[in-house]
1. Residues of segment 92-130 being within 16 Å of the ligand (Cβ to nearest atom) and part of a loop (DSSP other than H, G, I, E, B), which ones?
2. For segment 52-62, indicate whether the set of residues that are in contact (Cβ under 8 Å) with a residue 12 or more places away in the chain, within 27 Å of residue 158 (Cβ to Cβ), surrounded by fewer than 20 Cβ atoms within 10 Å (Cβ to Cβ) and more than 26 Å from the chain's Cα centre (by Cα) is non-empty.
3. Go through (1) part of a loop (DSSP other than H, G, I, E, B); (2) modelled with pLDDT of 95 or more; (3) touching a helix residue (DSSP H, G or I) at 6+ places or on another chain (Cβ under 9 Å); (4) farther than 30 Å from residue 499 by Cα one by one and return the number of the condition residue 726 breaks.
4. State all residues of segment 523-545 that are surrounded by fewer than 20 Cβ atoms within 10 Å (Cβ to Cβ), in contact (Cβ under 8 Å) with a residue 24 or more places away in the chain and closer than 30 Å to residue 168 by Cα; if no residue qualifies, say none.
5. Name the helices (runs of 4 or more DSSP H) wholly inside segment 365-476 in which the number of residues that are in contact (Cβ under 8 Å) with a residue 60 or more places away in the chain and touching a helix residue (DSSP H, G or I) at 6+ places or on another chain (Cβ under 9 Å) is 2 or more.
6. What do you reckon, is residue 133 surrounded by fewer than 24 Cβ atoms within 10 Å (Cβ to Cβ), within 16 Å of the ligand (Cβ to nearest atom) and part of a loop (DSSP other than H, G, I, E, B)?
7. Residue check: is residue 72 more than 16 Å from the ligand (Cβ to nearest atom), farther than 30 Å from residue 339 by Cβ, outside any loop (DSSP other than H, G, I, E, B) and modelled with pLDDT under 95?
8. Could you list, in sequence order, the residues of segment 529-581 that are assigned to a loop (DSSP other than H, G, I, E, B), in contact with a helix residue (DSSP H, G or I) (Cβ under 7 Å, 6 or more places away or on another chain) and within 16 Å of the ligand (Cβ to nearest atom)?
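The values are calculated or read from the model by the stated rules, or taken from the named source; none is laboratory data. The model shown is predicted, which means the values in this text are computed figures rather than measured ones. Here the Cβ positions follow ideal geometry from the backbone for every residue, glycine too, while neighbour counts run over all protein chains shown.
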Ligand SMILES: *Cc1c(COP(=O)(O)O)cnc(C)c1O
């Protein structure tokens, strides 16, 4: 391996290039040079995409200077490295983030301007890296940026999906999924590392190595996989704020061992000759588009094992290269499992330590637990991953043995030392014995980690009380809370430049390095002149969004109306349905009481539904059907408009969030683990209407009860109501507005072409209403009228929104990451 052309001692003398200068003239000259020599285009005929690529290559050179310095620093300091394993990274565009964090925004803008090119136009050409579904993947992206910012040597590990999350198109109001092709113009941000390649096996059989002892899954074995593929790394640099540090996001792609079976090809079987190749490449082809539904497919388990094994082999290789032995692993390595998707890593590390590196079971188990920590993201039972034992055993026979061996240890401990009874033992077991036997990935991640964290205070409490109550009883010091955060660079400085400069002008620069310094803005909530300027920025952002809506959808919306926004994945627990039904009730009221002083509102929705999630897709159709009727009814007199903006993604969120007056965070209490959309809106000066769910609880504590509109049942009330059974039909009948709205839906007012289209949705509400839409309806409608009355007093409204911005700096992901580093990873400066 390595470079045998040049001896090591000679290599030490090789010069490093001078760090690049970043004045506009140098940048402009280099952009032309790249256009010519890297892309092979004459500037006179260059296409917009060529300018984008050339610009990125020039910026990338500056990133590389910092990247190499960071790598050197980590190596020399011998500091602990953090590895963030996540099957999703919802990054969005990288370029503005990188330029801004390098502090080169003005210089790059000027350089391009001197060439007659607009930076904003070039930046908008970059496709979103949409390697995630929603909040969980976006959190991983915010964490990557914050780990670089707070100077933690970290690697993100994931899969380089060829097709990220599907593109959502609307066809007559229905969601249609189209493939997303972010790599079609190449990806100038990434580096292929052909030398970082590992073999990954599947299937086959297991041989016992030490024949003199009894056969026992705790001893060394040799796994003989039947299939093998190669994992190859692609690295993307992630720049922290002020380029403090540049970390690496390492994404794996799969390649076949034999790219083509030449014998078969020559025998005329042209398709068969490529079968192996196609099978390998299928591994990294698509992101699993389900969001909180069971991933019941073999390909998904293969993806999970593929990226876990590649990442662990890479981690062990790096550690051994630097430190020479694996006993020191937990001192130098912390591995964070983002949800259960990488949980098979627990068994894989055990296998590598025992079978490949010759360690005994017990010390291997100690090292494993000291190295791993696990973040739980959901309590929804259908989202807690488990795999049928026969599938797991067929694909990963050695891991199955190890799971049994680990389970035996856990169960003996539970029964002998803690006196657990049968029921408690069943609940902590790694194997679900009810019905078809399944491997429980949440329990595997829990027992294989020294830390299990929830993502908001409420979620962590509920975790202790519900899914993991018996495991918590067994290991009471493991569960801890780390409330989520968002990076203020992307979600304030970059997406809302108007607000950013206004804040900077009045409170100075400190908040740029410490979001909690936004507190200094508090006194300005009482300053009429500042309020007017804050309102003017909001208005500009609303005009920008109105232009986007006009351009993309041909719908005119009025920037002086209240922009009432719910953007997030479409899911029944997030209750877009509650919002739509309330809009229908409002529509009825506006028509019945034209004399009242209604607040003009624009209700904006955006979000994708999992392709197989029938009800969620029906909710999208309902939003569109209701929008068509309301937007065309002259009796509404423009007081209410509804728009569903297609293809929600990070870049769209960056335009919508700064334009929000009202942020809808209305999930059924107890069901949203944290939410991060709620934080983005509050930071950008929107008022929240929400339930006491997830991080809303902590947002309320930070901004104060007067500056947020809370309504509805608490998590405890929801649990109680579900346990004792409630009667949604009676609730509906007792509420005139609700029953009228539901009757309108079920009688076909919004679907004259198919009157029964929504009966499944309305029947569900009458019959069980699991998500408490009916039970919370009156409280929600009442809260919306409270919002209307707050809106009437414009001065007070902006005072409240300013206090939101001033008081939510705590929700910076820098704070979250510092807590992880100090309390879980024991890493960092
Ligand atoms: C922030 C974000 C999310 C998460 O939103 P929630 O409201 O917390 O569910 C999902 N998707 C995108 C594109 C985001 O930017």
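1. Here is the first cut: in segment 92-130, the ones within 16 Å of the ligand (Cβ to nearest atom) are 92-94, 96-97, 126-130.
Selection gives 93, 94, 126, 127, 128.
2. Looking through segment 52-62, at least one residue is in contact (Cβ under 8 Å) with a residue 12 or more places away in the chain, within 27 Å of residue 158 (Cβ to Cβ), surrounded by fewer than 20 Cβ atoms within 10 Å (Cβ to Cβ) and more than 26 Å from the chain's Cα centre (by Cα).
3. Result: residue 726 fails condition (2) only.
4. 540, 544
5. Once the helices (runs of 4 or more DSSP H) in segment 365-476 are filtered for at least 2 residues that are in contact (Cβ under 8 Å) with a residue 60 or more places away in the chain and touching a helix residue (DSSP H, G or I) at 6+ places or on another chain (Cβ under 9 Å), what remains is 389-395, 397-412, 441-447, 457-465.
6. Details: surrounded by fewer than 24 Cβ atoms within 10 Å (Cβ to Cβ): yes; within 16 Å of the ligand (Cβ to nearest atom): yes; part of a loop (DSSP other than H, G, I, E, B): yes.
Criteria met by residue 133.
7. Details: more than 16 Å from the ligand (Cβ to nearest atom): yes; farther than 30 Å from residue 339 by Cβ: yes; outside any loop (DSSP other than H, G, I, E, B): yes; modelled with pLDDT under 95: yes.
Criteria met by residue 72.
8. Kept after step one, since they are assigned to a loop (DSSP other than H, G, I, E, B), are these residues of segment 529-581: 554-561, 568-571, 575.
Okay, now just the ones that are also in contact with a helix residue (DSSP H, G or I) (Cβ under 7 Å, 6 or more places away or on another chain), so 555-557, 559, 568, 570-571, 575.
568, 570, 571, 575 - these are the residues of segment 529-581 that are assigned to a loop (DSSP other than H, G, I, E, B), in contact with a helix residue (DSSP H, G or I) (Cβ under 7 Å, 6 or more places away or on another chain) and within 16 Å of the ligand (Cβ to nearest atom).
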